[in-house]
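Every number here is computed from the coordinates shown, using simple stated rules; none is lab data. What you are looking at is a predicted structure, and each value in this text was computed from that prediction instead of being measured. For neighbour counting, all protein chains shown are included, and Cβ atoms are generated from backbone atoms with ideal geometry for every residue, glycine included.
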Amino acid sequence: MGRKKRIGVFISGRGSNFRAINEEIKKGGINGEIVVVISDNPDAKGLLYARQEGIPTHVFIKEKAEKRDDYFSRIMVKLEEYNLDLILLAGFMRVLSKNIINEYRNRIINIHPALLPSFPGVHAQKQALEYGVKISGCTVHFVDEGVDTGPIIIQRAVPVYDDDTEESLADRILEQEHKAFPEAVRLFCEDRLTVHGRRVYILEK
């Protein structure tokens with residue numbers, strides 16, 4: 001199976017996808033280990049879970065006048081200590097800078113609560129409801145320089161009901177996020193993902 005992949009996770013809030021992935025690792029379903037958690041929010045609830053699990057955590061607060069490249073350069077210095085194979089954005093609410101994307105090209109994975117390319121950016125569930133779609137879902141994708149524009153790894157669909165609220169739709173999508181994100185991480189850690197242009201191909205075992 002090869003050595004375990006070294007994974008860093010970026011969070012801004014509760015980190016429920018981070019938790020789902022870590023629990024799958026603990027079950028032996030993913031050939032990797034989360035070796036560091038990075039947050040831009042010192043009050044992120046996911047940090048408490050990470051500390052309970054014995055995972056090192058680091059908080060980076062962006063200064064008001066600090067440029068985005070400089071902010072992420074500070075983070076990159078810390079990441080170098082951990083020799084990462086993969087970075088996961090699990091509810092991290094900042095757009096990455098080009099310097100970190102270039103350093104970890106096709107090694108940064110994000111989860112988005114919509115079927116991309118529809119409804120990128122924030123409040124995707126609200127966008128979907130306002131547009132009147134009948135199906136929404138979640139997308140796991142590699143990160144590129146755009147906002148939710150990177151090559152798609154996995155998508156899962158959910159129905160949109162007439163009486164849905166933003167919260168009820170978000171809850172239904174989140175159930176699928178907790179399945180799709182660990183699956184994508186498992187495939188990466190098995191060296192089964194290959195990127196050609198915009199297409200991500202899943203290799204047979």
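Amide H contacts for Thr57 (H built 1.01 Å from N in the peptide plane; partners 5 or more residues away or on another chain; cut-off under 5 Å): Val37.
Would you mind calculating the relative contact order of the chain from Cα pairs under 8 angstrom and at least 6 residues apart, reporting the percent as a whole number? Walk me through the numbers on the way to the answer.
Details: 380 pairs, mean separation 40.1, N = 205.
That works out to 20 percent.
Computed from phi, the 3J(HN,Hα) profile of segment 55-66 under the Karplus parametrisation 6.51, -1.76, 1.60 (θ = phi - 60°) reads 8, x, 10, 9, 10, 10, 9, 6, 6, 4, 8, 6 Hz, with x in place of Gly and Pro. For Met93, which sequence-distant residues (separation of 5 or more, or a different chain) have an amide H within less than 5 Å of its own amide H, given hydrogens modelled in the peptide plane? Counting only residues 5 or more places away or on other chains, the set is Ser12.
Compared with the alpha-carbon gap, the fully stretched path from His123 to Asp171 is longer by 15.9 nm at 0.36 nm per residue.
Helix-derived [θ] at 222 nm for the chain: sum -39500 (n - 2.57) over DSSP H runs of at least 4, divide by residue count, nearest 500? Let's see the in-between values first.
Working: 6 runs with 69 residues, N = 205.
Roughly -10500 deg cm²/dmol at 222 nm, from the helical runs in the chain.
My understanding is that a pair violates if its Cα-Cα distance is over 22 Å; which of Lys5/Lys45; Lys27/Lys78; Lys26/Lys179; Lys67/Lys126; Lys27/Lys205 do that in this structure? It would help to have the intermediate numbers written out before the result.
On the way: Lys5/Lys45 25 Å; Lys27/Lys78 28 Å; Lys26/Lys179 15 Å; Lys67/Lys126 30 Å; Lys27/Lys205 20 Å.
The answer is Lys5/Lys45; Lys27/Lys78; Lys67/Lys126.
Per-residue Karplus couplings for segment 13-23, computed as 6.51 cos²θ - 1.76 cosθ + 1.60 with θ equal to phi - 60°, are listed in order as x, 6, x, 5, 5, 4, 5, 4, 5, 5, 5 Hz, Gly and Pro entered as x. Count Lys and Arg as plus one, Asp and Glu as minus one, and take only other residues whose Cβ is under 9 Å from that of Leu203; the net charge is then -1.
Full extension of the chain between Glu130 and Glu23 gives 35.1 nm of extra length, using 0.36 nm per residue less the Cα-Cα distance.
Please give the contour-minus-distance gain from Arg192 to Ile61: 0.36 nm per residue of separation, less the Cα-Cα distance, rounded to one decimal in nm. All intermediate terms of the calculation are to be shown ahead of the outcome.
Details: separation 131, 0.36 × 131 = 47.16 nm, distance 3.52 nm.
Length difference between fully extended and current span is 43.6 nm.
Restricting to bridges with both residues inside the chain, how much of the DSSP beta-bridge set is antiparallel, in percent to the nearest 5? Taking every DSSP beta bridge with both residues in the chain, the antiparallel ones total about 45 percent.
The aspartates and glutamates whose alpha-carbon is closer than 19 Å to the alpha-carbon of Lys64, local same-chain residues fewer than 8 away aside, are Asp40, Asp43. For the peptides 193-199, 94-100, the ranking by packing is 94-100, 193-199, with the highest mean count of neighbouring Cβ atoms within 10 Å listed first.
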